[in-house]
Structures are given as C-alpha cells and as structure tokens.
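The values are calculated or read from the model by the stated rules, or taken from the named source; none is laboratory data. Quick caveat, the model's predicted, so the values are computed rather than measured. Backbone-built Cβ (ideal geometry, glycine too); neighbour counts: all protein chains shown.
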Amino acid sequence: MVLVKLNTASAIISFTKKLEEDSAILYEELASLDKERGEMLLSFAKENRDNKTIVERAYYGVISDQVESSFFGELDSEEYGIDAEKIPPDLSGIMEIEETIQRFYLDAAKRLRSFLPDVSNAFKRIVKRRRKRQERLSEVMGNG
Amino acid sequence: MILEEPIKETEKLKNYIDGEWVDSQSDQILDVVNPATFKLVGKVPISTRQEVERAVEAAEEAFEDWRDTPPVTRARYLFRLKGLMEENFEFLSRVQTMEHGKTIDESRGETRRGIENVEVACSIPSLMMGYNLEDIAVGIDEQLIRQPLGVFCTLPAFNFPLMIPLWFMPYAVATGNTFIIKPSPRDPLSQDKLCNLIDKAGFPPGVVNVIHGGAEAASTLLEHPGIKGVTFVGSTRVGKEVYKRCGETGKRVIAQCSAKNFLVVMEDAVLESTIPSLMSSFFGNTGQRCLSGANAIVVGKDGFYDKFISTFVKAASKIRAGYGLDESVQIGPLQSKDSKERVLGYIEKGVEEGAKLRLDGRKIKIVGDYPEICFLNPTIFDDVSPDMTIGREEIFGPVASIMRAEDLDGALDMIHGNPYGNASCIFTSSGKLAREFQHRVRAGNVGINIGIAAPMAFFPFGGMNDSFFGVLHGQGMEAVRFFTESKVVIQRWF
C-alpha cells in the first residue's frame, strides 16, 4: 500500500471512501465464500456504501472557505488501510480489520472535532454502526 | 492523490446574451492560464462596447416580464439552479482550482458558499414581503411593498471566481430584477460553467447575462443609463471610482474593497487551536482573500511572544505548497505571475524597512514537478510596525506581519490607525476581553476565536471605512433591500 499523508480534509474524505469501498468488496468476497452467512455479509457491504454517502454528505454540506480544512495535523494512511493481499478467505481476520477501521475513524474524528465537527460526528456514527456489526460477527463466529 | 482535471481542451469563451451563446466580435482575446501548471486552460474575449450594450438591452427587455413573474415562480428557477449546482459540485470546484490555483478543499468551500446564497434567495417569497398597518386613521390602511428596479450588474474580483457573483445574482433575480455578470478576465471559466447551469435551469432569455471583458466593458456598464445598480468587489482605488461614478449616474452601489485585517492574539489564547486558525487565515487561498489575516498583534509578555513566534513559524514552514488538485497540498500558487511580482515587491520592501524576516517564502518548495512561476511559500515578518509599508498596505499574498502591543487598548489603537475596516479577529479565553473587542473594534466582520470572519449567506457581508462604499451589503436581507425599492401605499375606499 502506498503511504499517503492525510493532512487535508479532502485527503481524509478520499481515504475514507476508499476504505469503505475496499471494505464493501471484502464483505462481498466473503459472502461469495460463505453462503450460510452470505445475506448478513452482503448487508455489511451495503452498509459500507451507505457510510460513503454519510461521509460525503457531511463533508460537502459543511466545507467552507472559513474552516481550517487543511491545517489540523496529519494521519498516515498506512496505519489504517485494508491490504487486499492479507485478507483471509474467511471471517477469522475480519475483527482485526474492523478494529483498525474504527481506530482510523476515531483518530480522524478527534483531529477534525474543532474544525469540521459535522464530519467528526459522522465518523463517530459510523464507528457505532461498525461496533454493532462486530457484535453480530462475534455472535455468528461464536455460534459457528 | 491527484484529482483529475475537468477541462481537457482549451476553449474560447462566448458571451451569454438573451439566452444565447454568442461569439464576441472582438479581436482582443486573452489567455486563461492554470497558475500551477502554467498551461493554457481557456481564451476569453474582451468584448466590445456594442456587445455590452446589447447585453443591457436584452436584460432591459427581459425585465418587463420577469418582474411580473410571481416570486414563488422565480424561486423555482433558483431551486433548479441549486440542484444543478449540487449535481456539478465537484466539476465546478475543480474548475476553480484549475483557473485560480486554490486547493480543492478551498474550491469546494467556495462552491458551497455560493450554493448557500442560492438557497437563501430561494426563500424570496418570505424575504421580499413588505408590511402593513390597518387603520392608520379610521378607514385608512397603509402598506409597504418591495419592487424590483430593473437591470443590475456585477464586477467581481478574481479571488473567488465562482462565489462572488453569487453574493448578488440570486437575490437580484429572485426579487425580479435582471442581471449582467462581467467575470474577471483572469479567471472567467467558473462563471462560464455556472452560466451553463443557469441556461439548463431554464431562466427566461435575458434574465441573466454574462459578458466577458475588461475595463472598457466595466466602464460601459457604469455609464449606461439602463443599469440601475452595480455591485463591485476589488481594490479600494477602483471601488472609490465605481462609487463616485455610480453616484454621478444615480445608480445604487455595493463596493466591497481592499482590506488589511488585524488578528489579535491575547496571552490567554488556546494556542493549540489558534495556530491552525491563523494558518488558514494568513495563508489559506494563498492570502488572496479580503478576509485574510495580514497583521497579527501579539499581546503578552516576552515568554508568550517568543512561544507564539516559534510555534507560528514552525507551523507555517510545514505547509505544503503545490497544485491544488493534489489533495496533500495546503496552499496553491498565486493566481498570476503579476500577483507574485507584486507580493515579492512587498517582501523586499519589508526587508528594506527593517522588519525581521522570520520565514522566507521566496525559497520555493513545492510538491510535484510544476513551474515555480506563480508559487510563493508562506512568509513571516516579525518586528513590524503599523507604519511600515507591509504593516499598512494590502499585500494579497501569503505574507504575515507580526506586531506587539502591551494590551488590548494598544492593539485597538493599531487597528484603528489603519484606513481599512473589513475584518478583525481576537483569540482569547476571556469573554470580557472578547466582548470589549467586539464592541469597540471598527471592522465590518469580527471573529472571536475565528480566523476568517466570513458571514454566512443569511447575514450581510460587512465592511467599514475604506473597505466598503455603499449603504447596504451583499447577501441575505440587506441584498434583498438593495435590489428592491420600497413603495408605500395609503388607501381608503368610499
């Protein structure tokens, strides 16, 4: 994965969209391998694409020449990305990936809190959705 | 990530008159150049006097029907325009970056602020309402109604190529006037693209017209008896002239002009949040903004002053300059080579007059392989006094001048010694000091722990002293009043 410094709002939003799309593709792939849980996994993929919309709406709705959209420090994309080659062909590694993505959202939400609070709040909402997803995954993995 | 450029081929712009795209007959054509890549992105005609007059005629003809179109119907055209702008949000934003140089976040911010003005104007049936009183005397009622005046025009500056005309146009047409936009010839593409959407929104021919041109076109509009009012954004020198000529010909005028904005940093300011705000204020839009910070007045003891300077310089030295379509870039180039030359002249003057150069932006450092022609990195001067040229005049570039004052009184004296009064900000944790500042400072837009005091579309865009000429301001209710005249009706029935 190429290291990208996430030092502007635009860079963070692009990275977020890629993260959600990669995540959606991952769940779709997992669904094709796991027919028993396929429906649930596809619903997660759909949720990932909804998350993209939530983020886009928050950002495009509040971006303004008044806000410090480029001056809030930086995050390294390398610490949070999904590496397609490392994805296991089953649910075993998915919890770790979910943890990484949530960590990204929380770190980014903290950075953006003073400057783009709507985006920060949207990120926190997505973390809540992802935590619920984790609970469902735990349940099925425990049962499985 | 570097975003894709939306303009692939250079095109010669046309005028939009009476609902038609018309080739200019002028033989004077200027190049529109992307200041980051220095590649040609468009060609703009400098329209002739006759072409400008044709645009005024078309707008005058359209006025008769448009003023009789109900406000609720006029608002629906603006609703459609808003929808089209949302659909084309990213396209419009990237065009701004290509022709102006600003970063993509800044361009999107500009697009959003433009759309917000269209949104506010959509509520014209409410905003335009007059008022009445039954029985001012027995059996006699009195009412005030607001009516449009005719044709208005705007002469915008280059620094916000999409947004500035939108401070005015939506309100003008929503209230029943017709309108002519003469974009800055330095970056006219944004208005050309916006006009495409105006055309798609289906406004009747002649309600909105775009005429490209330079000083002669502006002069023709100022002199034309068919023009009822002018809105102008640009330098104080030209703004005074516009104001004078509008006075001579009986036109209404809003002239938003130059600025030299002071930001006061008190010792109790939260530096962690203040510094990013100052970075954005001083260096955002590469300093080409009438609300940009120009002079920072630090109030506090030596220890605080030293800490402030070192933190400020360190943060500014990390700013990444480059092509605005590169998402990692935090400031773009200046809009033109001439703009850069002008700013370089001020930096030299600052050195000559004895200010201490703490960060020299002339040592160009940019992300990516682009010509340095229009680039200038953040520059910071320390030990600046308000009477130095760099402390007094508008630089319109990424140059910060740091000053010191003993207390808030001293800071206010410095601010009030300057002829401008566009914006002023204070950074403090003290509500008492903030209130005192708000109460006493003579500036039209005031920020408290805000570095760019840009009013939202539903508030007027202020300005005082040599930064503003006129009575009513752009945006919101003041714009509605500017674009309408009040008529009082007193009636009784026998």
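Any residue at all in segment B:273-295 that's away from chain A (no Cβ under 14 Å) and either in contact with an Asp or Glu (Cβ under 8 Å, 6 or more places away or on another chain) or of a type outside the set (Ser, Thr, Tyr) (or both)? Yes, because at least one residue in segment B:273-295 is away from chain A (no Cβ under 14 Å) and either in contact with an Asp or Glu (Cβ under 8 Å, 6 or more places away or on another chain) or of a type outside the set (Ser, Thr, Tyr) (or both). Screening segment B:450-491 for residues that are on the phi > 0 side of the Ramachandran plot, more than 14 Å from chain A (Cβ to nearest Cβ) and not in a helix (DSSP H, G or I) and picking the one that is surrounded by the most Cβ atoms within 10 Å (Cβ to Cβ) gives B:GLY463.
With respect to the stated conditions, B:GLY176 fails to be over 29 Å from B:LYS82 (Cα atoms) and buried (at least 24 other Cβ atoms within 10 Å of the Cβ). Annotation note: Cβ proximity below 6 Å between a residue of segment B:4-27 that is among the β-branched types (Val, Ile, Thr) and a residue that is assigned to a loop (DSSP other than H, G, I, E, B) (sequence gap 6+ or interchain) occurs for B:VAL22/B:LYS14.
Total residues in segment A:57-73 satisfying the condition of being surrounded by fewer than 16 Cβ atoms within 10 Å (Cβ to Cβ) and in contact with a Lys or Arg (Cβ under 9 Å, 6 or more places away or on another chain): the figure is 2.
Can you tell me which residues in segment B:431-449 are part of a loop (DSSP other than H, G, I, E, B) and out of contact with any helix residue (DSSP H, G or I) (no Cβ under 8 Å at 6 or more places or on another chain)?
To start, the set of residues in segment B:431-449 that are part of a loop (DSSP other than H, G, I, E, B) comprises B:441-444, B:449.
B:GLY444, the sole residue that qualifies.
Of all residue pairs spaced 6 or more apart or on separate chains, those with beta-carbon atoms under 8 Å, a first member in segment A:106-131 that is without any contact (Cβ under 8 Å) to a residue 24 or more places away in the chain and a second member that is aromatic (Phe, Trp, Tyr) and crowded, with 19+ Cβ neighbours inside 10 Å are A:LEU106/A:PHE123; A:ALA109/A:PHE123; A:LYS124/A:TYR105. The set of residues in segment B:138-169 that are more than 15 Å from the chain's Cα centre (by Cα) and either buried (at least 22 other Cβ atoms within 10 Å of the Cβ) or free of Cβ contacts under 8 Å to residues at least 12 places away in the same chain (or both) comprises B:VAL138, B:PRO148, B:VAL151, B:PHE152, B:CYS153. Scanning segment B:4-55 for residues that are of a type in the set (A, V, I, L, M) and out of contact with any Asp or Glu (no Cβ under 7 Å at 6 or more places or on another chain) yields B:ILE7, B:ILE17, B:VAL22, B:ILE29, B:LEU30, B:VAL33, B:ALA36, B:VAL44, B:ILE46, B:VAL52, B:ALA55. Scanning segment A:1-53 for residues being within 14 Å of chain B (Cβ to nearest Cβ), more than 16 Å from the chain's Cα centre (by Cα) and either surrounded by fewer than 16 Cβ atoms within 10 Å (Cβ to Cβ) or not in a loop (DSSP other than H, G, I, E, B) (or both) gives a total of 4. Of the residues examined, B:ARG113 is not one that is at pLDDT 95 or above, part of a helix (DSSP H, G or I) and out of contact with any helix residue (DSSP H, G or I) (no Cβ under 6 Å at 6 or more places or on another chain). Counting the residues of segment B:449-494 that are closer than 26 Å to B:ILE297 by Cβ and of a type in the set (Gly, Ala, Ser) gives 6.
Quick one: is B:ARG54 in a helix (DSSP H, G or I), among the basic types (Lys, Arg) and closer than 27 Å to B:GLY322 by Cα? No: the conditions fail for B:ARG54.
Within the option set B:GLU116, B:GLU106, B:GLU87, being in contact (Cβ under 8 Å) with a residue 24 or more places away in the chain, surrounded by fewer than 20 Cβ atoms within 10 Å (Cβ to Cβ), within 14 Å of chain A (Cβ to nearest Cβ) and among the acidic types (Asp, Glu) holds for one residue only, B:GLU116.
The single condition among (1) in contact with a Lys or Arg (Cβ under 9 Å, 6 or more places away or on another chain); (2) surrounded by 24 or more Cβ atoms within 10 Å (Cβ to Cβ); (3) within 25 Å of B:MET163 (Cα to Cα) that B:SER336 does not satisfy is (2). Please count how many residues of segment B:179-202 are over 20 Å from the mean Cα position of the chain (by Cα) and either under 20 Å from B:ASP23 (Cβ atoms) or buried (at least 24 other Cβ atoms within 10 Å of the Cβ) (or both). Residues flagged as over 20 Å from the mean Cα position of the chain (by Cα) and either under 20 Å from B:ASP23 (Cβ atoms) or buried (at least 24 other Cβ atoms within 10 Å of the Cβ) (or both) within segment B:179-202 amount to 3. When restricted to residues that are away from chain A (no Cβ under 14 Å) and either within 14 Å of B:PHE461 (Cα to Cα) or not in a loop (DSSP other than H, G, I, E, B) (or both), segment B:152-168 contains 6. Do we have any residue at all in segment B:28-50 that's buried (at least 16 other Cβ atoms within 10 Å of the Cβ) and in a helix (DSSP H, G or I)? Taking every residue of segment B:28-50 in turn, none turns out to be buried (at least 16 other Cβ atoms within 10 Å of the Cβ) and in a helix (DSSP H, G or I).
Screening B:VAL56 on (1) over 30 Å from B:PRO333 (Cβ atoms); (2) out of contact with any His (no Cβ under 9 Å at 6 or more places or on another chain); (3) not polar (S, T, N, Q) shows it passes everything except condition (2). A Cβ distance below 8 Å, combined with a sequence gap of six or more or placement on separate chains, defines the contacts here; from segment A:5-34, residues that are under 21 Å from A:ASP76 (Cβ atoms) reach residues that are of a type in the set (D, E, K, R) and surrounded by 23 or more Cβ atoms within 10 Å (Cβ to Cβ) in the pairs A:THR8/B:ASP105; A:THR8/B:GLU327; A:ALA9/B:ASP105; A:SER10/B:ASP105; A:SER10/B:ARG108; A:SER10/B:GLU327; A:ALA11/B:GLU327; A:SER14/B:GLU327.
Listed here are the residues, each with its yes/no results for (1) away from chain A (no Cβ under 14 Å); (2) charged (D, E, K, R); (3) under 26 Å from B:GLU4 (Cβ atoms).
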position: B:THR311; (1), (2), (3): no, no, no
position: B:GLU327; (1), (2), (3): no, yes, yes
position: B:LYS340; (1), (2), (3): yes, yes, no
position: B:LYS349; (1), (2), (3): yes, yes, no
position: B:LEU357; (1), (2), (3): yes, no, no
position: B:ASP369; (1), (2), (3): yes, yes, yes
position: B:ILE373; (1), (2), (3): yes, no, yes
position: B:PRO378; (1), (2), (3): no, no, no
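Within segment B:6-27, the residues that satisfy the criterion of being acidic (Asp, Glu) and part of a loop (DSSP other than H, G, I, E, B) are B:GLU9, B:ASP18, B:ASP23, B:ASP27.
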